[in-house]
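A.B. asks: Attaching a single structure in structure tokens format; questions to follow.
The values are calculated or read from the model by the stated rules, or taken from the named source; none is laboratory data. These numbers come from a predicted model, not from an experiment. Backbone-built Cβ (ideal geometry, glycine too); neighbour counts: all protein chains shown. Please note that ligands, DNA and RNA were not included when accessible areas were found on the heavy atoms of the full protein model with its side chains. Shrake-Rupley method; radii C 1.70, N 1.55, O 1.52, S 1.80 Å.
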Amino acid sequence: MSQLIEIKINESSRIPKYKQIVDSIINDISKGKLKIGEKIPSINELSESCYLSRDTVEKAYKQLKEQKVIVSVKGKGYYTAKTDLISKINIFFMINKLSSYKMMIYNSFVNSIGVNGHVTLSVYHCEESLFTRTLEKSLGAFDYYVIMPHFKTDDLNHTSTTHVVEKMIEKIPKDKLIILDNNKLDIKGNYGSVYQDFQEDIYDALKIGLEKLKKYDKLVLVYPSKSVYPYPLRIVHGFRKFCSKYNFDFEILEQIYDDMDLESRDVYVIIEENDLVNLVRQVRTKNLILGKDIGIISYNDTPLKDLLGINVVSTHFKAMGETASDLVLNNKKEKIKNVFEYIKRNSV
């Protein structure tokens, strides 16, 4: 017989009702109100008892299944996940900055881990000393260490690693180590990794958009060489390689300057959000047509860029988090290049 569960739905909340169901069931499991392996109400039963549409409950159960919180047994119904699927794993997750992109990866990872583990987030702001101090304190306290290595030099340039960083990471048992986003570390041993290849990724992505780019006379990369959170110089190397291979006139700028002398038939490849906003504003002020007079390709996708119709070259942040969680949950030691995309919209 199905276990009676109390789902509290706040009608005035802006949180979708399916998400309230998900949170309520996970909360009941964490507090021991629902035992592992117990049967829970069917979709129809929960729909009727909570006065919710069947679609709402079905969407909640689908997410709970994806997170391995519940399992469905054909002909029998839904059960909370078995003990062997829900053993808690303590994970230390280190990112270099609190950007929306990094949080997409983190949130995707946490959602994929579900109730299988507890994730502690640490942000080290590209600072070598903060990274090493924080990691030193955490050594031996976690089952897995998921580390995203990006650092800055004293003159605010990007570096993937330092000798001090690598020496500290070497202290982590390799069967407990997952490196994210960057593959330029000299770390010995067999460990898991999900990485971007910053040079080849932008080269390959721009190649996908080659036919549309041919209608432009010049490619301009807006790359801030010095930044509080610097970007890998390999992006520039990949951009240069593309322009050289396909005979494009090109230029590299530090930023989008106010009141720029915008030339028709230029296409801009933009790294930072502020530069994107500034350029779009100037394009509109000067009554230029985006995708005809001026082209824009932005680095890293967001829902707002989708809404504005901005073409992007972007790693698949959700996929990176999901792949990393799979390495943890299945104790894999693979090194996997993350999906990188050229997304065609209306700005080129």
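A.B. asks: Report yes if Ser112 is within 32 Å of the chain's Cα centre (by Cα), under 30 Å from Asn300 (Cβ atoms) and small (Gly, Ala, Ser), otherwise no.
C.D. replies: yes
A.B. asks: Select, from Ser12, Ser42, the only residue that is touching a Gly at 6+ places or on another chain (Cβ under 8 Å) and either in contact (Cβ under 8 Å) with a residue 24 or more places away in the chain or open to solvent by 60 Å² or more (accessible area, probe 1.4 Å) (or both). It would help to see each step written out before you state the result.
C.D. replies: Values: Ser12 fails: touching a Gly at 6+ places or on another chain (Cβ under 8 Å).
Being touching a Gly at 6+ places or on another chain (Cβ under 8 Å) and either in contact (Cβ under 8 Å) with a residue 24 or more places away in the chain or open to solvent by 60 Å² or more (accessible area, probe 1.4 Å) (or both) holds for just one of Ser12, Ser42, which is Ser42.
A.B. asks: Additional query: Take the residues of the range 58-81 that are closer than 16 Å to Tyr18 by Cβ and part of a loop (DSSP other than H, G, I, E, B): which is least open to solvent (accessible area, probe 1.4 Å)?
C.D. replies: Here is the first cut: in the range 58-81, the ones closer than 16 Å to Tyr18 by Cβ are 58-67, 69-70, 78.
When the remaining residues are screened for being part of a loop (DSSP other than H, G, I, E, B), the result is 67, 69.
Working: Gln67: 19, Val69: 0 Å².
The selected residue is Val69.
A.B. asks: Also: Quickly run through the range 189-238 and pick out the residues that are in contact (Cβ under 8 Å) with a residue 40 or more places away in the chain and β-branched (Val, Ile, Thr).
C.D. replies: Residues satisfying the conditions are Val194, Ile202, Ile208, Val220, Val222, Val228, Ile235.
A.B. asks: Residues Asp55, Asp84: which one is surrounded by fewer than 19 Cβ atoms within 10 Å (Cβ to Cβ) and modelled with pLDDT of 90 or more?
C.D. replies: Being surrounded by fewer than 19 Cβ atoms within 10 Å (Cβ to Cβ) and modelled with pLDDT of 90 or more holds for just one of Asp55, Asp84, which is Asp55.
A.B. asks: In the range 104-138, what count of residues is obtained for those that are open to solvent by 30 Å² or more (accessible area, probe 1.4 Å) and modelled with pLDDT under 90?
C.D. replies: Qualifying residue count, the range 104-138: 1.
A.B. asks: May I pose another question? Might you let me know whether the range 24-37 holds any residue that is among the small types (Gly, Ala, Ser) and under 20 Å from Lys74 (Cα atoms)?
C.D. replies: Looking through the range 24-37, at least one residue is among the small types (Gly, Ala, Ser) and under 20 Å from Lys74 (Cα atoms).
A.B. asks: Within the range 8-55, track down each residue that is assigned to a loop (DSSP other than H, G, I, E, B) and within 15 Å of Thr80 (Cα to Cα).
C.D. replies: Lys31, Gly32, Lys33, Leu34, Lys35, Ile36, Gly37, Glu38, Pro41, Ser42
A.B. asks: Where residues in the range 191-226 are more than 24 Å from the chain's Cα centre (by Cα) and part of a loop (DSSP other than H, G, I, E, B), which of them is surrounded by the most Cβ atoms within 10 Å (Cβ to Cβ)? Please lay out each step first, then the result.
C.D. replies: First, pick out the residues of the range 191-226 that are more than 24 Å from the chain's Cα centre (by Cα): 210-220.
If we keep only those that are part of a loop (DSSP other than H, G, I, E, B) too, we end up with 214-217.
On the way: Lys214: 10, Lys215: 11, Tyr216: 18, Asp217: 12.
Among them, the one singled out is Tyr216.
A.B. asks: Suppose we keep only residues that are open to solvent by 30 Å² or more (accessible area, probe 1.4 Å) and on the phi > 0 side of the Ramachandran plot within the range 247-300. Which one would you say is modelled with the highest pLDDT? Break it down into steps so the answer makes sense when it comes.
C.D. replies: At the first step, the residues of the range 247-300 found to be open to solvent by 30 Å² or more (accessible area, probe 1.4 Å) are 247, 249-252, 254-255, 257-259, 261, 263-265, 272-274, 277, 281, 284-290, 292-293.
Going one step further and asking which of them are on the phi > 0 side of the Ramachandran plot, we end up with 247, 259, 265, 287.
Values: Asn247: 96, Asp259: 83, Arg265: 91, Asn287: 91.
The extreme case among them is Asn247.
A.B. asks: OK, next. On the basis of being free of Cβ contacts under 8 Å to residues at least 40 places away in the same chain and within 30 Å of Arg284 (Cβ to Cβ), does Ile310 make the cut?
C.D. replies: yes
A.B. asks: For residues in the range 227-246 being in a loop (DSSP other than H, G, I, E, B) and surrounded by fewer than 17 Cβ atoms within 10 Å (Cβ to Cβ), which is modelled with the highest pLDDT?
C.D. replies: Per the criteria, the residue is Tyr246.
A.B. asks: Part of a loop (DSSP other than H, G, I, E, B) and open to solvent by less than 30 Å² (accessible area, probe 1.4 Å): does that describe Ser347?
C.D. replies: For Ser347, the condition - part of a loop (DSSP other than H, G, I, E, B) and open to solvent by less than 30 Å² (accessible area, probe 1.4 Å) - is met.
A.B. asks: Any residue in the range 253-278 that is without any contact (Cβ under 8 Å) to a residue 24 or more places away in the chain sitting within a Cβ distance under 9 Å of a residue that is in a loop (DSSP other than H, G, I, E, B) and open to solvent by less than 10 Å² (accessible area, probe 1.4 Å)? List the pairs, counting only those 6 or more apart or interchain.
C.D. replies: Asn274/Ile256; Val277/Ile256; Asn278/Ile256
A.B. asks: Go through (1) part of a helix (DSSP H, G or I); (2) open to solvent by 20 Å² or more (accessible area, probe 1.4 Å); (3) closer than 19 Å to Val22 by Cα; (4) of a type in the set (Ser, Thr, Tyr) one by one and return the number of the condition Tyr101 breaks.
C.D. replies: The one condition Tyr101 does not meet is (3).
A.B. asks: So, one more: Out of the residues in the range 155-175 meeting the condition of being without any contact (Cβ under 8 Å) to a residue 40 or more places away in the chain and charged (D, E, K, R), tell me which one is surrounded by the fewest Cβ atoms within 10 Å (Cβ to Cβ).
C.D. replies: Lys167
A.B. asks: How many residues are open to solvent by 30 Å² or more (accessible area, probe 1.4 Å) and either under 21 Å from Met320 (Cα atoms) or in contact with a helix residue (DSSP H, G or I) (Cβ under 8 Å, 6 or more places away or on another chain) (or both) when one looks only at the range 139-153?
C.D. replies: Residues in the range 139-153 being open to solvent by 30 Å² or more (accessible area, probe 1.4 Å) and either under 21 Å from Met320 (Cα atoms) or in contact with a helix residue (DSSP H, G or I) (Cβ under 8 Å, 6 or more places away or on another chain) (or both): 2 in total.
A.B. asks: Just a yes or no: is a residue in the range 306-317 assigned to a helix (DSSP H, G or I), over 23 Å from Leu253 (Cβ atoms), open to solvent by less than 20 Å² (accessible area, probe 1.4 Å) and touching a Ser or Thr at 6+ places or on another chain (Cβ under 8 Å)? Can you show your working first?
C.D. replies: Going residue by residue through the range 306-317, those that are assigned to a helix (DSSP H, G or I) are 306-308, 317.
With the extra rule that they be over 23 Å from Leu253 (Cβ atoms), the set shrinks to 306-307, 317.
Going one step further and asking which of them are open to solvent by less than 20 Å² (accessible area, probe 1.4 Å), we end up with 317.
Those left that are additionally touching a Ser or Thr at 6+ places or on another chain (Cβ under 8 Å): 317.
The answer is yes; a qualifying residue exists.
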